[in-house]
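Each value in this text was obtained by applying a stated rule to the coordinates, not by laboratory testing. Note that the coordinates shown come from a computational prediction; the quantities given were computed from them, not determined experimentally. A quick note on method: Cβ atoms are made from the backbone with ideal geometry, for glycine too, and the neighbour counts reach across all protein chains shown.
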Amino acid sequence: MKNIFKLALCAGVASLVSTAAMAAGMTVGFSQIGSESGWRAAETSVTKQEAEKRGITLKFADAQQKQENQIKAIRGFIAQGVDAILVAPVVATGWEEVLGEAKEANIPVVLLDRGVEASQDLYLTSVASDQVKEGHVAGDWLVKTVGDKPCKVVELQGTVGSTPAINRKKGFEEAIAGHSNITIARSQTGDFTRAKGKEVMEGFLKAENGGKDICAMYAHNDDMAVGGIQAIKDAGLKPGKDILVVSIDAVPDIFAAMAAGEANATVELTPNMAGPAFDALEAFKKDGKQPEKFIITESKLFTPADNPQGEYEARKGLGY
Ligand code: AHR
């Protein structure tokens, strides 16, 4: 081997070793929202696995859907002097003070999967999908699927005040704007849970002629869609046929529903937010490299043409 290559190889190995060594020493606090959905459970598992793989000590705090618990957990991480903090913010507002405290303590914060309405200097980076785009992808699919046919949509919104609920609504509305045959007849929060999705859909079905007037159900996540599918079946209708079902996340259960002909489309949200977050933190800790402010993950549409049974099999063991 030519010396120059040997040198480059040694330098590469040395930098890998030193990055790994830095990461191995890192202690990171993670304030997770809770376990409201299959997607959330997978994000938690993937984050723990990524930390273990990289030799990072992860301090995990489950906020049980409460912002006050997240604020408490972040203050606890600051008091313990962690090297960095990951936070999946349950709602968008009310973060300035606590993020300011982390900044004051020189602890970089990375936002995972949801955004905040706060100054961008208060966090190092945000790893999330383009949630407006997710709504667009879902809406574009519906526009294409129904063509000129009149279509009354019922919408199951995510957690009130959370960025995915705000943005997925916005994106969907933008996509159907200009298609006057498609209207959102009813829209209510199902809080991203299966049980609430079912309950809210039961109300929609009753209010809309037993469901006969509903053309499509748009759910801001798959778990609410799965709850809604059950409500449609209980009302004696066929989900996926009598009422089209479009949602977001791409969790195994929606692929099982799709394989059974009971769901029509989902937009994928990767549960691996921690991988890019740890990469950014490792580079920042190593040589102060500032990551992009927004690291955007992909939003891919899946329909029954995409081998739903195969997708179910491939995903079912991944922590969902
Ligand atoms: O913030 C991401 C959203 O939160 C997921 O789409 C949903 O399933 C989760 O609860």
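In terms of distances greater than 29 angstrom between alpha carbons, the cross-link table entries Lys169/Lys212; Lys48/Lys144; Lys169/Lys285; Lys53/Lys103; Lys53/Lys300 yield Lys48/Lys144; Lys169/Lys285.
Each residue of the stretch 247-259 is assigned a 3J(HN,Hα), and the resulting list reads 8, 9, 2, 6, 8, x, 5, 6, 6, 5, 5, 5, 4 Hz, derived from the Karplus form 6.51 cos²θ - 1.76 cosθ + 1.60 (θ = phi - 60°), x at Gly and Pro. Across the stretch 199-209, computed HN-Hα scalar couplings (Karplus, 6.51 cos²θ - 1.76 cosθ + 1.60, θ = phi - 60°) run 4, 5, 5, 4, x, 4, 5, 4, 6, 10, 6 Hz from first to last residue, x flagging Gly and Pro.
Close amide H pairs (under 5 Å, H built 1.01 Å from N) link Lys66 with no residue at least 5 positions away or on another chain. Remark: the stretch 153-159, residue by residue, has Karplus-estimated 3J(HN,Hα) of 9, 10, 10, 9, 7, x, 4 Hz, where x stands for each Gly or Pro and the curve is 6.51 cos²θ - 1.76 cosθ + 1.60 at θ = phi - 60°. Taking the Cα centre of the chain as reference, the dipole from Cβ charges on Lys and Arg (+1) and Asp and Glu (-1) amounts to some 460 debye.
When only Cα pairs below 8 angstrom with a gap of at least 6 residues are kept, the chain shows a relative contact order of 18 percent. Report note on the peptides 171-184, 36-49, 289-302: ranked by the mean count of other C-beta atoms within 10 Å, highest first, their order is 36-49, 171-184, 289-302. Panel order for Met224, Met201, Met273, by other beta carbons found within 10 Å of each beta carbon, from fewest to most: Met273, Met201, Met224. Exposure proxy ranking for Leu58, Leu111, based on other Cβ atoms within 10 angstrom of each Cβ and starting from the fewest, stands as Leu58, Leu111. For Val245, the amide hydrogen comes within under 5 Å of the amide hydrogens of Met217, Gly240, Asn264, Ala265, counting only partners 5 or more places away or on other chains and with H modelled in the peptide plane. If only the Cβ of Lys and Arg carry +1 and only the Cβ of Asp and Glu carry -1, the dipole of the stretch 223-320 around its Cα centre is close to 100 debye.
Per-residue Cβ neighbour counts within 10 Å put Asp287, Asp242 in the sequence Asp287, Asp242, beginning with the fewest. The distance separating the Cα centre of the stretch 191-255 from that of the stretch 45-120 comes to 33 Å.
Put simply, the amide H of Ile182, placed in the peptide plane, has neighbours under 5 Å in Cys151, leaving out anything fewer than 5 places away on its chain.
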